[in-house]
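Here the structure comes first, spelled out in structure tokens, and everything after it is commentary.
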Amino acid sequence: VIVFRISFLFCVTLLMQLQSAGHAQTAYLRSNQVFSGDIAELIIEFDNQIPSLYALDTSVLEADFEVLDIKSSVSRMFESNKAFHRMRWQIEILPRRPGNLKIPPMQVGQIQTPTLMLEVVPQSPELSSANKVQVELQAEPERPYVGQQTQIVIRVIHNIPLLDGNLIEPAVDNADIYSHGLESRYSIIRDGREFQVLERSLSIVARSPGAIRISPANYRGLIQNAVDTSGAGSTAKSRRINRASETLFLQVRKPPPEFSGNTWLPARELEIDQHWDEISNELQVGDSLGLTLRIEAKGLPAEALPADLLSIDSGKVRVYADQETRSNRFNGRELVGRLEQRFVVVVTESGEIQLPAINLKWWDVKQEVERIAAVAGKNWTVSVPETGETGIDTAEKTASWYGKGSPGLTITLSRSDWPWY
């Protein structure tokens, strides 16, 4: 009975703490009036004895507002030598239209916030011209092949200083995005007026043919009014704005039927080269040859480049491939993919051996034609070691070859791999 009474009292005390009126249970707007395209800030505060945040459902705002960001915090407060905790939410909302917009009540714990009204005022032509900030989005090409690089350029064009801003890159479905993160700034003249430009570029590579959507790029930041706005909307000296570009659509093409290669490689340029380690003029059975193959393509990511290109159908040699390495870099706005792979060629029989040429077919997106990147083959004459089997362990033979630039590549051969067993 005593335990029951203690538990009951504890639950009652906890419930009273949760439902206590507290010191500040309110919601308010940072400013009751904003311009179209500006961001409003909704503040909700709730005082309680329990130091934890309630879940906040903002779905009631979605009809008239886009919820951009929610910041929450809990701080410990003291009043009349009594401690309590203040829960605070800062909600950035973007009005979807001008007019008097209602912010409906929101549930916070056991209470509801009051209904608020926000006046959204269209910008006058004078204010829009004086405080001009716009975002442009450009794609090149607009009809790429699947797997081909499309360069996306984002420009923020403005005639006033941008303060504490953030450029949000577009999202793309069914495509890989490559960004070097570099920005450039310069000035331009439009309609006889000078504007500053903040430019950023990235690349996308579509994974499948068809139409793909590139969502708008957004600039969110603080600006200072260039003209007096008294009586024409918000009187705040600074405003937090959101400016969005238009949505882009790309029509991604399939590989053309004229392409006859095994791997689809749409690029502006593609080169392949080989490098052999230093080779003795007198090869003998059991000798190994080290080879490095490199492929570099402009306008094509490294992930698309094929590996294991050295393949020999011969009983006189064996080929062992190391794990390839891939890397991407930007040359200006152009994506450059690179693949490098080490091979070890082990001679297993005497006589004439021939390594065939390597031909890699790719599609020239500039000239719309198939091309071939190639490296020449090699021929050698291999002799039998004069020592024969002398000094060879007849139980098992293990050999390790470490090619230049590829430490740790180890090939182990059992006795059946040696030609004289």
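Remark on SER383: its backbone amide H falls under 5 Å from those of LEU283, GLN284, VAL285, GLY351, a criterion applied only to residues 5 or more positions apart or on other chains, H modelled at 1.01 Å from N.
Surface calculation, 1.4 Å probe, protein heavy atoms: GLU140 sits at approximately 110 Å² accessible. Accessible area of LYS366 (1.4 Å probe, protein heavy atoms only, ligands and nucleic acids ignored): about 100 Å². In terms of its C-alpha gyration tensor, segment 68-186 has a prolate overall shape, because the principal axis ratio a/c (a ≥ b ≥ c, square roots of the eigenvalues) is not below 1.5 and a/b outweighs b/c.
The stretch between SER124 and ILE43, if pulled fully straight at 0.36 nm per residue, gains 26.4 nm over its current Cα-Cα span.
Projecting each Cα onto the charge dipole of segment 41-165 (Lys/Arg +1, Asp/Glu -1 at the beta carbon, about the Cα centre), which of MET106, VAL135, ILE157 comes out farthest on the positive side? Most positive-ward Cα: MET106.
Which translational diffusion coefficient, to the nearest whole µm²/s, is obtained for segment 223-370 from the Stokes-Einstein equation, given a Kirkwood hydrodynamic radius over C-alpha pairs, 20 °C and 1.002 mPa s? For the chosen part, D equals 107 µm²/s.
Seen from ILE168, the other residues with C-beta closer than 12 Å to its C-beta sum to a net charge of +1, counting Lys and Arg as +1 and Asp and Glu as -1. Rolling a 1.4 Å probe over the protein heavy atoms gives segment 233-365 an accessible area of 49 Å² per residue. Remark on VAL108: its backbone amide H falls under 5 Å from those of THR113, a criterion applied only to residues 5 or more positions apart or on other chains, H modelled at 1.01 Å from N.
Backbone phi angles across segment 256-271, fed through the Karplus curve with coefficients 6.51, -1.76 and 1.60 (θ = phi - 60°), yield HN-Hα couplings of x, x, 6, 6, 10, x, 7, 10, 6, 10, x, 9, 7, 8, 8, 10 Hz in residue order; Gly and Pro are listed as x. Taken along its principal axes, the alpha carbon cloud of segment 145-259 reaches lengths of 65, 26, 25 Å, longest axis first. The 3J(HN,Hα) values that the Karplus relation (6.51, -1.76, 1.60; θ = phi - 60°) gives for segment 307-312 are, in residue order, 10, 6, 6, 8, 9, 10 Hz. Gly and Pro appear as x.
The values are calculated or read from the model by the stated rules, or taken from the named source; none is laboratory data. Note that the coordinates shown come from a computational prediction; the quantities given were computed from them, not determined experimentally. Cβ: placed from backbone, ideal geometry, glycine included. Neighbour counts: every protein chain shown. Remember, those area values only see protein heavy atoms, side chains included, never the ligands or the DNA or RNA. Shrake-Rupley method; radii C 1.70, N 1.55, O 1.52, S 1.80 Å.
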